[in-house]
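The values are calculated or read from the model by the stated rules, or taken from the named source; none is laboratory data. Quick caveat: nothing in here was measured; it's all calculated off a predicted structure. Reconstructed Cβ throughout: ideal geometry from the backbone, glycine too, with neighbour counts over all protein chains shown. Just the protein is used for accessible areas: all its heavy atoms, side chains included, with ligands, DNA and RNA removed. Shrake-Rupley method; radii C 1.70, N 1.55, O 1.52, S 1.80 Å.
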Amino acid sequence: MEVIMNKNVDYIGKTVYYLKNYNQFKISVKNLTEDIEVLQQTMQLEAGAPKGDDITAGGNSELTTVEAYTAKKAQYKAKIVELQNRLEIINRIIKKVDRSIEGLEDEEKRIVISFYLDNKTWREIAQRNYISEQWAKKCRNKAVRRLSRMLFGLTAIHEQLDLFI
């Protein structure tokens, strides 16, 4: 049943997406980490208990200074948790891609890294590896299929097998 439910997932396309966006994922990690640090520092600076009285200025709908401080702190914490969750997801993708690339044969690894991560042209890749552009592309296609199986496991394998039946 699970394989049937996953028929609409394009594992090869998802793999290519991860590879094409790998460098952006790395930058996102740095940016999210910095955003979290800034929010934590801001929260620390505002950590001193608010001074003043707990009397509202004009009615029941307004917050006291303590309530306002507590609400703002809760907003900071919620935003930090949200950013940490995003960071965790992106880091997980990066680790999976890194491990999967390590599982490739040397030639496949060089071609995938050159094409997707270093943005080299087919001509540059072919010249650097002393192969034809056509062979480089075939090797890339084989490597992407292998990466897909490593990234998505049995679900992707079953789906790829179904293509041959």
Neighbours by Cβ (under 8 Å, 6+ apart or cross-chain): first from region 59-72, open to solvent by 90 Å² or more (accessible area, probe 1.4 Å); second modelled with pLDDT of 80 or more and part of a helix (DSSP H, G or I): Leu63/Ala71
Yes/no for Arg123 being more than 30 Å from Glu34 (Cα to Cα) and touching an Asp or Glu at 6+ places or on another chain (Cβ under 8 Å): yes
Glu124 at pLDDT 95 or above, surrounded by fewer than 17 Cβ atoms within 10 Å (Cβ to Cβ), part of a helix (DSSP H, G or I) and touching a helix residue (DSSP H, G or I) at 6+ places or on another chain (Cβ under 8 Å): yes
Tally, over region 14-25, of residues that are surrounded by 14 or more Cβ atoms within 10 Å (Cβ to Cβ) and either among the β-branched types (Val, Ile, Thr) or touching a residue at least 24 places away in the same chain (Cβ under 8 Å) (or both): 7
Count of region 86-104 residues which are open to solvent by less than 80 Å² (accessible area, probe 1.4 Å) and free of Cβ contacts under 8 Å to residues at least 12 places away in the same chain: 1
Sole residue being open to solvent by less than 60 Å² (accessible area, probe 1.4 Å), modelled with pLDDT under 90 and farther than 30 Å from Ala136 by Cα, chosen from Thr56, Thr33: Thr56
